[in-house]
1. Dipole of region 125-261 (Lys/Arg Cβ +1, Asp/Glu Cβ -1, origin at the Cα centre): which of ILE237, LEU258, PHE172 lies farthest to the positive side?
2. 5 Å is the cut-off here: which amide hydrogens, built 1.01 Å from N in the peptide plane, fall below it relative to GLY87, excluding neighbours closer than 5 in sequence?
3. Skipping prolines and chain starts, which residues have an amide H placed within reach, meaning under 5 Å, of the one on VAL265, given they are 5 or more residues away or on another chain?
4. Add +1 for every Lys or Arg and -1 for every Asp or Glu among the other residues with Cβ under 14 Å from the Cβ of ARG194, and state the total.
5. In what sequence do HIS228, HIS117 fall when counting other Cβ within 10 Å, fewest first?
6. Give me the orientation-averaged projected area of the Cα convex hull of region 6-297, in nm², one decimal.
7. Among residues other than GLU128 whose Cβ falls under 14 Å from its Cβ, what is the net charge (Lys/Arg +1, Asp/Glu -1)?
8. Can you give the local net charge around ALA216? Use residues other than it whose beta-carbon is closer than 11 angstrom to its beta-carbon, Lys and Arg +1, Asp and Glu -1.
Amino acid sequence: MSDVDCLAGLRIDVDTLRGTRLGVPALLNVLKKQGLKATIFFSVGPDNMGRHLWRLLRPAFLSKMLRSNAPNLYGWNILLRGTLWPGPRIGRRCAAIIRAAAEDGHEIGLHAWDHHHWQTCIQKMQTEAIRRDLEKGKKELEAITGQAVKCSAAPGWRCVDKVLTEKESLGFRYNTDCRGTSIFAPLVNGVQLRQPQIPVTLPTYDELISRKGISATSYNDYLLSLFHPEQLNVLTIHAEAEGIYCLDVFAEFLKKALAQNIFFVPLGDLLDFYPNPAVASLTKGSISGREGWVSFQGMQGEESHV
Ligand SMILES: [Zn+2]
């Protein structure tokens, strides 16, 4: 550790079939070249994220839809949600890729059973449905990797207190469900939970790009300027973004980061460096460049708002 100036957690979120199939192998390759390990959070159930939007772009499908008057029959929102045609099961189709990530020594965590459903419905979901989703996802991921899944990351940073309570009995070592500034023990109804939160501290590619005058050429230098040795640094990248259309930018980012003695580790490794986490509740907020609400680390001792 002596030549490391700045330690940072690297988290890779995988939301879709395309991201798993194309983005993950590319990122595994880049990380291997640099000798780095990360935490990879997989979605393993049906991919309902972009499937129907993609179908709509196909002329044959569109004309069939219009011929059958399906939008009027069912409503666009139902068609777009994937209710009529459940999306392909990512875990089943990409088991070999997920296994390869585990065999490369990366920490493997649960992102979602159904990313789209969680992101849009988590506030309304009943406790039993939340538990079922978490259990299904964890079981599927464990069957694929042959290892216990010890961490999870709520899709879209959308987490509420009932999720934290359900996760307590699923044996996770930690969770990373929100944005914030320090590792903390979550407080729910005045009770301090056992599984610490490792919040994401840095902005994502889609939150930064084309904002504040940041372009693809200035992106890496700007992002690197946000890392500080004396603070918790946790970066999320997406298999769909950094693993596919900005893979070269990300490969360059890692090179530059290492040259500046910024060293990336799986999120679980950060726990050893912060043995006495603060206590805080979850709260809700928004981030410029991101639609809707996300969960935040609340002020220490503050009452929960979720
Ligand atoms: Zn996600």
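FYI, it's all coordinate maths here, none of it is from the lab. Computed from a predicted structure; not experimentally measured. Counting neighbours? That spans all protein chains shown, and the Cβs are built from the backbone with ideal geometry, glycine included.
1. Farthest towards the positive end: PHE172.
2. The answer is ASP47.
3. ALA8, GLY9, LEU10
4. Around ARG194, the charge tally is +1.
5. Taking fewest neighbouring Cβ atoms as first place, the list is HIS228, HIS117.
6. Seen from a random direction, the Cα hull of region 6-297 projects 15.8 nm² on average.
7. +2
8. Its environment carries a net charge of -2.
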